[in-house]
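A short write-up of the structure that comes next.
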Amino acid sequence: MIELLLPADVSTAATRAETVPDGTLFPEEEALVAKSVAKRRNDFATARACARRAMAGLGLPPVPVLHGHRGRPLWPEGIVGTLTHCTGYRAAALARATDVLSLGIDAEPHGPLPTGVRELVTLPAERERIGPPVPEGTGEIHWDRILFSAKESVFKTWYPVTGVELDFTEADLTFHRADTPSQGSDDGSPGPAADGTFTARLLLTDPALPTTLHGRWRVEDEIVVTAVLVRPDWREREGM
């Protein structure tokens, strides 16, 4: 699904597999998760398998993907990228820094947020716009989950450019749904799907930083995916 949200100059790869064969990780990567529980190891390994496929899409050889501050992936020189993983979906997106300044993707199970989380990650104005939570199994869109995912994509895009960490209350998101339903993908996954765009207004007081990001979202086969991308001329477009 993630390839539907990003332009052609971004190389993407995704999988619904929960595990990968032994030997998928480089020794340097193995060392990072040697003492981790099985779920953490599997999440780490499947995401990096996707990263290697995305590298190949850019004509790059496979290399280890280590991590820096708060687990942020470290990419080869001249490459920007992002990873995501949730139960049932893992993905990577990479691009050349000459084409893309920064990007972020996120995947989540399409269901209501756990009790208490909605209030922690949303602003009152956002809750008013998206409406009350809907029960699971109704076939309705869980806007609170899409909002949570979209903010994760915003944060992943924002930090590499600015070095500033955002709190959930520092981004005010507005969603737009496509006028017509999207169909499922050609690989046999169910349709129709729902998709659209969103705008993130950043509630910052620093006049030196841009204040708006734009992204896309999609719900298909019980998974939410979101993506944000900014080009190298982002600051100029924002009038900075």
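If I model the chain as equal point scatterers sitting on the Cα atoms and use the Debye formula, what is log10 I(q)/I(0) at q = 0.09, 0.10, 0.11, 0.13 Å⁻¹?
At q = 0.09, 0.10, 0.11, 0.13 Å⁻¹ the computed log10 ratios are -0.38, -0.47, -0.57, -0.81.
Quick one: accessible area per residue over the chain, 1.4 Å probe, rounded to a whole number of Å²?
49
Just to make sure I understand: if all protein chains stay in place, what is the order of Y159, Y89 by accessible area at 1.4 Å, largest first?
Working: Y159 60, Y89 5 Å².
Descending accessible area places them as Y159, Y89.
Give me the percent relative contact order of the chain, please, defined on Cα pairs under 8 angstrom at least 6 residues apart.
It rounds to 19 percent for the chain.
Can you list the GluC sites (Glu not before Pro) in region 107-185 that are in a DSSP coil and have 16 or fewer other beta carbons within 10 angstrom?
Of the GluC sites (Glu not before Pro), the ones in loops of region 107-185 whose Cβ has at most 16 other Cβ atoms within 10 Å are E136, E140, E165.
In what sequence, largest accessible area first, do I141, I146 appear using a 1.4 Å probe?
Result, largest first: I141, I146.
Dipole of the chain, Cα-centred, from +1 at each Lys and Arg C-beta and -1 at each Asp and Glu C-beta, to the nearest 20 debye?
Once rounded to the nearest 20, the dipole reads 400 debye.
Is the shape of region 78-183 best called rounded, prolate or oblate, per the rule: a/c under 1.5 gives rounded, else a/b larger than b/c gives prolate, else oblate, with a ≥ b ≥ c the square roots of the Cα gyration tensor eigenvalues?
prolate
With each run of n ≥ 4 DSSP H residues scored as -39500 (n - 2.57), what mean residue ellipticity at 222 nm is computed for the chain after dividing by its residue count and rounding to the nearest 500 deg cm²/dmol?
Counting only the DSSP helices, I get -8000 deg cm²/dmol.
Looking at region 22-64, which trypsin sites (Lys or Arg not before Pro) are in a loop (DSSP not H, G, I, E or B) and have at most 16 other Cβ atoms within 10 Å?
Working: sites: K35, K39, R40, R41, R48, R52, R53; in loops: K35.
Of the trypsin sites (Lys or Arg not before Pro), the ones in loops of region 22-64 whose Cβ has at most 16 other Cβ atoms within 10 Å are K35.
Considering only DSSP states other than H, G, I, E and B, which chymotrypsin sites (Phe, Trp or Tyr not before Pro) in region 193-239 qualify as loop sites with at most 13 other Cβ atoms within 10 Å?
Details: sites: F198, W217, W234; in loops: none.
Listed in order of number, the matching sites amount to none.
Using a cut-off of 12 Å between alpha-carbon atoms, which aspartates and glutamates can reach K39, once sequence neighbours fewer than 8 places away in the same chain are excluded?
List returned: E18.
Mind pulling the per residue volume of the convex hull built on the Cα atoms of region 108-152? Å³ is fine.
So the per-residue hull volume is 71 Å³.
Give the value in nm², to one decimal: projected area of the alpha carbon convex hull of region 1-133, averaged over all directions.
Averaged projected area of region 1-133's Cα convex hull equals 9.9 nm².
The values are calculated or read from the model by the stated rules, or taken from the named source; none is laboratory data. Just so you know, these numbers come straight off a predicted model, no measurement behind them. Ideal geometry is used to build each Cβ from the backbone, glycine not excepted, and the neighbour counts take in all protein chains shown. The accessibility values were calculated without ligands, DNA or RNA, using every heavy atom of the protein model including side chains. Shrake-Rupley method; radii C 1.70, N 1.55, O 1.52, S 1.80 Å.
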